[in-house]
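The values are calculated or read from the model by the stated rules, or taken from the named source; none is laboratory data. Computed from a prediction, not measured in an experiment: that's the story for all the values here. Here Cβ is always computed from backbone atoms with ideal geometry, including for glycine, and neighbour counts include all displayed protein chains. Areas reflect the complete protein model, heavy atoms only, side chains present, ligands, DNA and RNA absent. Shrake-Rupley method; radii C 1.70, N 1.55, O 1.52, S 1.80 Å.
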Amino acid sequence: MMLIDFYQDKIQQFLACCEQLMQCEDLKLYSVADFYAASWLNDFPQGTTWRTSGLDDGAEEFYAVIEFRGYRLTLDVGQTTQLKLLYPVGAIKHSTDLNR
């Protein structure tokens with residue numbers, strides 16, 4: 001019997017988008033509104049969710065999470081931006097951090 005993981009391609013797409021963001025040296029997020037207006041959010045696979053915490057759309061310091069099937073990219077935005085990629089329990093890779 002062969003098991004087929006129909007989500008593997010989408011997971012790879014999600015991880016590729018995360019890697020691209022983590023390598024982006026000119027990621028400019030000045031407010032929550034900038035995050036929600038970012039065109040790169042459309043590059044993530046269908047089914048990806050995102051959310052932020054901040055006082056309002058104009059908040060200059062906020063925390064955001066982009067998630068797909070247990071994989072999460074967190075963005076801690078303030079004077080510096082810290083990105084962290086977290087894998088679900090049992091996944092092959094471990095978390096990756098990037099501070100700017």
- Item | Flag for Asp34 being at pLDDT below 95 and open to solvent by 80 Å² or more (accessible area, probe 1.4 Å) | no
- Task: Test each condition in (1) open to solvent by less than 60 Å² (accessible area, probe 1.4 Å); (2) in a helix (DSSP H, G or I); (3) of a type in the set (D, E, K, R) for Glu67 and report the one that comes out false.
- Result: (2)
- How many residues are of a type outside the set (A, V, I, L, M), surrounded by fewer than 14 Cβ atoms within 10 Å (Cβ to Cβ) and either over 12 Å from the mean Cα position of the chain (by Cα) or within 15 Å of Ser31 (Cα to Cα) (or both) when one looks only at region 70-91? 5
- Task: Could you run through region 37-64 and say how many residues are of a type in the set (Phe, Trp, Tyr), open to solvent by 20 Å² or more (accessible area, probe 1.4 Å) and over 25 Å from Gly90 (Cβ atoms)?
- Result: 2
- Note on the structure: Per the filter on region 15-33, residues of a type outside the set (A, V, I, L, M), touching an Asp or Glu at 6+ places or on another chain (Cβ under 9 Å) and part of a helix (DSSP H, G or I) are Cys17, Gln20
- Name the pairs whose Cβ atoms lie under 6 Å apart, with the first residue in region 49-70 and under 7 Å from Val32 (Cβ atoms), the second of a type in the set (Phe, Trp, Tyr) and modelled with pLDDT of 90 or more, and 6 or more positions between them or separate chains? Thr52/Phe35; Thr52/Phe62; Gly54/Phe62
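Considering only residues that are part of a loop (DSSP other than H, G, I, E, B) and either in contact with a Cys (Cβ under 7 Å, 6 or more places away or on another chain) or at pLDDT below 95 (or both), look in region 47-62 and name the one that is nearest to Val77 (Cα to Cα). Can you show your working first?
Narrowing region 47-62 to residues part of a loop (DSSP other than H, G, I, E, B): 47-48, 54-61.
From the residues that got through so far, the ones that are either in contact with a Cys (Cβ under 7 Å, 6 or more places away or on another chain) or at pLDDT below 95 (or both) too are 54-61.
Details: Gly54: 10, Leu55: 13, Asp56: 14, Asp57: 13, Gly58: 13, Ala59: 10, Glu60: 8, Glu61: 5 Å.
Restricting to residues being part of a loop (DSSP other than H, G, I, E, B) and either in contact with a Cys (Cβ under 7 Å, 6 or more places away or on another chain) or at pLDDT below 95 (or both), the top hit is Glu61.
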- Item | Subset of region 21-31 that is within 16 Å of Gln79 (Cβ to Cβ) and not basic (Lys, Arg) - its residue that is surrounded by the fewest Cβ atoms within 10 Å (Cβ to Cβ) | Tyr30
